[in-house]
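Enquirer: Let me give you the structure first, and then I'll get to my questions.
The values are calculated or read from the model by the stated rules, or taken from the named source; none is laboratory data. Since the model is a prediction, treat every value here as computed from it, not as a measurement. Quick reminder, even Gly has a Cβ in these numbers, built from the backbone with ideal geometry, and neighbours come from all protein chains shown. Areas reflect the complete protein model, heavy atoms only, side chains present, ligands, DNA and RNA absent. Shrake-Rupley method; radii C 1.70, N 1.55, O 1.52, S 1.80 Å.
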Amino acid sequence: MGDDESGGRHGVGPAATSATDFLGIDSLLNEEQLLLRDTVRRWVAERILPEVGDWFERGVFPAETIGPELGALGLLGMHLEGYGCAGAGATDYGLACMELEAGDSGVRSFMSVQGSLAMFPIRAFGSEEQRRQWLPAMSAGEAIGCFGLTEPDAGSDPASMRTRARRDGSDWILNGTKMWITNGSIAHVAVVWAQTADGVRGFVVPTEVPGFGARDIPRKLSLRASVTSELVLEDVRLPADAVLPEVVGMRGPLSCLNEARFGILFGAVGAARACYEAALGYATERDAFGGPISRFQLTQQKLVEMMIAVQRGTLLALHLGRLRDAGQLSAAQISVGKLDNVRMALEVARSARGVLGANGITLEYPVIRHMNNLESVYTYEGTHEIHTLILGQALTGRSAFA
């Protein structure tokens, strides 16, 4: 008995394929996850995509409207329990990040900083009073948070931070500078990490306190639809109960970074998917030499490689999400996702830019915007090199940081 093209002798029959879900990955999601994914995707299509090119060009992010809308969708701190938070699973949180970053990395960054870097440490390490004061308003998007860890001279080596907090009676006095702080100048509260006599501590700092200042970083060409600031703390006086009571040392801020990195490994796939779909649509519609450029072998090769990369990145993200839902995901495994999916997304964006030709550098299409944004995503929450060294240590048992 011979084989036909369907490979029927081996139990493989013909199956419908989709250019945007070639491997049928949607079948791996349950009904609730599909509903969440589609709800966020529809909101992005209606509220973000029509405006984000203009926001990017002007260098603005309308947090006063977008924040409450994200809150109404239940996306701010969605993976946290109680205090107005949805208590969603890790994979659900990742799917939301994927759809938001398909709109723009700045939107996903806002959500990640709010939920994973500002709300998470208050929920995990804060007092009951701190949780009640801040988390309900933050989950609703009524109060905006930021995360003060990175400094001008302490990026990849946050343990060498120079920001100091000292006791003055029962109060704390903070002095220092933080750099590259998303939401910094629009935040109502900052979670600031500082050296103390007892080790690194986190402080919940209302941004209206005397001595707290924030100024936006000018002339950036990436993450333009996002607020990025420098924080300056000059003799900021805080009461004794401003400190996060449940953590001392670098375990606090590093656990926050792992929360954010998990969202990034999903989000980067969304940016890559948006670039691939833009290239696919353009190649189908653009005529050259008497027909659509999608008929050319080199164009088809680019599209095939992009499709495979996006599908592979999606599968990796879902696998890591399910490991986390099962309580089995390690920090090093998060580094695999952050490193490889961001690298993949940049490669897809650059290939898509080539398919679009000169149109690829205009804001009429999303590709150059994603491509520029991903240069920041490649660096923040641990650079590509830092994640490589984290994985090298996990493989060999030897640290390259010392």
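Enquirer: For the peptides 218-231, 257-270, what is the packing order when you average, over each peptide's residues, the other Cβ atoms within 10 Å and list the highest mean first? Present the calculation step by step, with values, prior to reporting the outcome.
Expert: Numbers: 218-231: 19.3, 257-270: 27.0.
Averaged packing, sorted descending, gives the order 257-270, 218-231.
Enquirer: Another one. Starting at the first residue of region 296-310, write each ³J(HN,Hα) from the Karplus equation 6.51 cos²θ - 1.76 cosθ + 1.60 with θ = phi - 60°, in whole Hz, x for Gly and Pro.
Expert: Taking θ as phi minus 60°, the curve returns 7, 4, 5, 5, 4, 4, 4, 5, 5, 5, 5, 4, 4, 5, 5 Hz for region 296-310.
Enquirer: Follow-up question, since we're still on this one. Largest first, how would HIS384, HIS319 line up by accessible area (1.4 Å probe)?
Expert: Numbers: HIS384 35, HIS319 110 Å².
Output order, biggest surface exposure first: HIS319, HIS384.
Enquirer: When only the heavy atoms of the protein chains count and the probe is 1.4 Å, how do GLU246, GLU99 rank by accessible area, highest first?
Expert: Working: GLU246 110, GLU99 0 Å².
From most accessible down to least: GLU246, GLU99.
Enquirer: Let me ask something else about it. I'd like to check one number: the per residue accessible area of the chain, probe 1.4 Å, reported in Å² as a whole number.
Expert: Numbers: 17880 Å² over 402 residues.
For the chain, the solvent-accessible area averages 44 Å² per residue.
Enquirer: Among (i) 22.3, 89; (ii) 25.6, 87; (iii) 23.7, 90, only one was calculated for this model; which label is it, if the read-out is Rg and Dmax of the Cα atoms in Å?
Expert: Correct label, based on the coordinates given: (i).
Enquirer: For LYS178, which lysines qualify as cross-link partners when the Cα separation must be under 19 Å and same-chain residues fewer than eight apart are set aside?
Expert: Result set, ordered by chain and number: LYS220.
Enquirer: Can I ask one more? Tell me the carbon and sulfur percent of the accessible area for region 178-225, rounded to whole percent, probe radius 1.4 Å.
Expert: On the way: 1120 of 2050 Å².
Its accessible area is 55 percent carbon and sulfur atoms.
Enquirer: If you don't mind, another one. Who wins for biggest fluctuation among LEU316, LEU298, LEU346 in a Gaussian network model of the chain, springs between alpha carbons below 10 Å?
Expert: Among LEU316, LEU298, LEU346, the largest mean-square fluctuation in the Gaussian network model of the chain belongs to LEU298.
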